[in-house]
Amino acid sequence: MAEHPAYPVGLRLSGRRVVVLGGGQVAQRRLPALLAAGADITLISPEATPSVEAMADTGEIRWTRRPYEYGDLTDAWYALIATSDHTANEAASAEAETHRVWCVRSDDASAATAWTPATGRSEGVTVAILTTDRPDPRRTAAIRDAVVEGLRDGTLVAPHQRTKTPGVALVGGGPGDPDLITVRGRRLLAEADVVIADRLGPRDLLAELPPHVEVIDAAKIPYGRFMAQEAINNALIEHAKAGKSVVRLKGGDPFVFGRGMEEAQALAEAGIACTVVPGISSSISVPGAAGIPVTHRGVAHEFTVVSGHVAPDDERSLVNWQALAQGTGTLVVLMGVDKIGKIAETLIAGGRAPETPVALVQEGTTAAQRRVDATLATVAETVVAEEVRPPAVIVIGDVVGVGTGNQR
């Protein structure tokens, strides 16, 4: 048998009896995939890990709390033998052979009639890797990871043969580091015909796009008689109606001061399908990259994210700065570098202590990241002296003093 390679096949186990012997770490790792396949699972084991026990408690599996006995594999289609008792494993393996039940052995792969491949999934595709002669878990896992990662991030190009469905994806690109975009966002980028990108999006990703992809800088769209956002909306609609798959690549998250909903509404009014892919908001990720937790036990039980693009005394401001001044939680200000002096003045006048720590994190998560510390009383002059420029995330509160001080 060792002279012949294993024959790869996909088992359709939905509604079919599967027996798992042993409730330890092997079962804990294998059960989720069997459950996802819809298998009717019976676990036979005197004890189980807390995670496996939870599956039994919620009714996902049936648990017979005793050691293996001959006859347990009757009517099974597939068996996973993973007890710590080698004698019981041998007996169960012999029963499986007698009843022609395909079985996996965790203790002795050479005695098994089936091997478990290293598997991964990406967008409706299951990747299963087996070595040709005998299991090599580390190698198969490494190959699996490389293939799945390539499919997810678009570096392994496997184009769909079916016709693409035109539409727009509003993709949150994260705070700037290209590695912080979501897996789904990166995949949609790799499949796009047109990408309309913000200045604050992860620009390094654009260089990875195939040559045929049209990349449009949202800041350079000719506005004509339209205001900027209306012009962007029109560009999205125009390309989608031309039958293109369009990605609107935005910095952070599309719905956190990103005007994503305005674009989604415009697309809905035009009858164009729209997918929203959330992104990692800079309001949390940038402080984290600089070693600042926005919450910390015993220091801050809440955090508030506000836009600082208009000053507190501007009639357009919708922020209740008086309430924020009287709060005790962390305050994260986005787009507020040029207004921070007025913001600090308003917070102090409303009750926040002048010595409240402030951190400004410029170009967060990128190679140019830097952190500048101050207090509410000194932040206005510090911004000028240190020449802090947008984009920068401003963190106000005691959490600034408990961070690791991580800096790039």
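The values are calculated or read from the model by the stated rules, or taken from the named source; none is laboratory data. Bear in mind that the values here come from a model prediction, so they are computed numbers and not experimental data. For neighbour counting, all protein chains shown are included, and Cβ atoms are generated from backbone atoms with ideal geometry for every residue, glycine included.
List of remarks:
- Residues that are within 9 Å of I61 (Cβ to Cβ) and surrounded by fewer than 16 Cβ atoms within 10 Å (Cβ to Cβ), drawn from region 14-40: L35
- Conditions (1) more than 20 Å from the chain's Cα centre (by Cα); (2) at pLDDT 95 or above; (3) in a loop (DSSP other than H, G, I, E, B): number failed by A240: (3)
- Any hit, region 132-155, residues being surrounded by fewer than 14 Cβ atoms within 10 Å (Cβ to Cβ), of a type in the set (V, I, T) and at pLDDT below 95: yes
- Conditions (1) outside the structural domain of E230 (by TED's automatic domain parsing); (2) under 24 Å from D179 (Cβ atoms): number failed by G260: (1)
- Filtered by the rule that a residue be assigned to a helix (DSSP H, G or I) and not hydrophobic (A, V, I, L, M, F, W, C), region 75-130 gives H86, T87, N89, E90, S93, E95, E97, T98, H99, S110.
- Residue within region 58-70 that is under 22 Å from S110 (Cβ atoms) and free of Cβ contacts under 8 Å to residues at least 60 places away in the same chain present: yes
- Test: residue in region 213-236 that is outside any loop (DSSP other than H, G, I, E, B) and in contact (Cβ under 8 Å) with a residue 40 or more places away in the chain: yes
- Against the list (1) closer than 21 Å to M261 by Cα; (2) modelled with pLDDT under 90, the condition A197 fails is (2).
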